[in-house]
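Take a look at the structure set out below.
Rule-based calculations on the coordinates, nothing more; no lab input. Being a predicted model, the structure only gives us computed values, none of them experimental. Quick reminder, even Gly has a Cβ in these numbers, built from the backbone with ideal geometry, and neighbours come from all protein chains shown.
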Amino acid sequence: MQNLPTTFPEPVLLGIIGGTGLYHLDGLVPVAKLVIQTPWGSPSSPIIISRTPSGMPVAFLSRHGVHHQYSPSDVPYQANIAALKHIGVETIIAFSAVGSLRGNIKPRDFVIPNQVIDRTKGIRTSSFFKAGFVAHVGFGNPFDDELAAAIAQHASSALQGDNVLLHTRQTEKANGFSDVTLICMEGPAFSTRAESNLYRSWGGHVINMSCLPESKLAKEAEIAYQMVCMSTDYDAWREEEEAVTVEMVVSNLKANSENANRVIVSILNNLEHDITNHRFGKSLRGSMRLALSTGQHGIDRKLYQDIQFLHPGHYDLAN
Ligand SMILES: CSC[C@H]1O[C@H](OP(=O)(O)O)[C@H](O)[C@@H]1O
Ligand SMILES: Nc1ncnc2[nH]cnc12
């Protein structure tokens with residue numbers, strides 16, 4: 001990794017964000033290591049560009065840093081998403097270790113959620129936009145349904161092991177759910193048993209600390225985003241079990257890292273054509289133009305410049 005080029009000449013259309021336990025991509029040849037500065041600071045890790053066997057470049061970023069030095073509350077989410085956008089990323093597949101809030105979702109199962117409930121505490125900056133450049137993004141569907149379906153199609157056959165399952169909106173219909181809901185909490189402490197039971201009563205399926213604001217910022221950046229969750233524990237709701245600990249999370253992730261890599265390889269093999277043909281996130285492209293509320297006379301010039309890094313040419317500024 002040391003002597004890799006620090007520039008890369010082509011747009012990189014796919015970004016993979018690795019979470020707890022997933023700090024690099026196995027089996028792909030790295031070809032560049034980009035250290036990118038954004039108007040929102042430095043990303044949590046260098047962006048490693050690798051090529052798939054057929055040559056498609058893929059960007060990998062480690063959410064918590066390569067040494068897991070950022071807590072979920074401290075991750076520089078804006079810099080991460082802005083840096084990926086800046087190098088051309090149109091699709092993000094983000095991995096996350098999650099607790100299970102349902103008896104049928106066992107540790108080591110994979111889950112593809114389609115909804116999120118925000119239980120972060122307002123201490124994370126959740127938008128690129130603010131006073132002087134106000135915009136409101138639609139977030140009714142926090143993830144990309146088309147991308148989710150494509151991932152689901154290729155992930156389940158990649159999973160190996162004793163009855164390891166993939167849970168999707170489709171599979172959860174059999175249990176009476178129309179959505180698969182991820183609760184995103186603040187942390188760093190895990191939930192109490194009462195909170196865990198409350199989230200179950202809300203219809204929550206899984207819980208983590210990192211989906212927000214990552215998914216909101218991806219939407220503002222017009223990037224198709226889907227989180228792929230790896231269950232590691234039963235959180236705190238099961239009276240008969242010890243409540244979640246970091247050791248539990250890490251040991252299940254270690255045991256499951258081969259499945260995570262198999263899922264990534266299968267996704268890359270099967271979705272390469274769709275990604276290079278710009279299939280995902282078509283409806284997002286240009287959407288932020290219409291999301292701007294601030295009129296010409298209210299625009300903050302510095303903020304306008306910052307937003308150019310994300311959406312060059314999207315907005316006009318009168319002299
Ligand atoms: C180390 S356990 C809690 C930690 O694990 C998850 O991380 P990630 O989503 O990045 O895989 C969870 O969100 C917490 O940040
Ligand atoms: N139970 C849990 N709560 C929050 N984040 C998690 N990440 C993995 N397990 C978790």
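A few points about this structure:
- Interatomic Cα distance distribution for the range 14-310, bins of 5 angstrom, percent: 1, 5, 12, 17, 19, 18, 13, 8, 4, 2, 1, 0, 0
- Cβ-based net charge around Ser45, under 12 Å, with every Lys or Arg adding one and every Asp or Glu removing one: +2
- When every Cα-Cα distance of the range 230-269 is counted in 5 angstrom steps from zero, the calculated P(r) takes the values 6, 24, 20, 18, 13, 10, 6, 2, 0 percent.
- Residue (of Gln37, His68, Pro11) at the positive-pole extreme of the range 1-134, dipole from beta-carbon charges: His68
- Shown for the range 1-159 is the translational diffusion coefficient from the Stokes-Einstein equation, using the Kirkwood radius over Cα pairs, a temperature of 25 °C and a viscosity of 0.890 mPa s: 141 µm²/s.
- The relative contact order of the range 14-310 comes to 26 percent, based on Cα pairs under 8 Å that sit 6 or more residues apart.
- Protection proxy ranking, peptides 254-260, 229-235, average beta carbon neighbours within 10 Å, highest first: 229-235, 254-260
- For Ala97, the residues 5 or more places off, or on other chains, whose built amide H falls under 5 Å of its own are Thr20, Met230.
- Loop trypsin sites (Lys or Arg not before Pro), the range 1-93 (other Cβ atoms within 10 Å of the site Cβ: 16 or fewer; DSSP): none
- Judged by the gyration tensor of its Cα atoms, with axes a ≥ b ≥ c, the range 120-265 is oblate; a/c meets the 1.5 cut and b/c is at least as large as a/b.
- Distance between the range 1-72 and the range 97-113 - C-alpha centres, whole angstrom: 27 Å
- The protection proxy used here, the mean number of other Cβ atoms lying within 10 Å of each residue, ranks peptides 208-214, 312-318, 195-201 as follows, highest first: 208-214, 195-201, 312-318.
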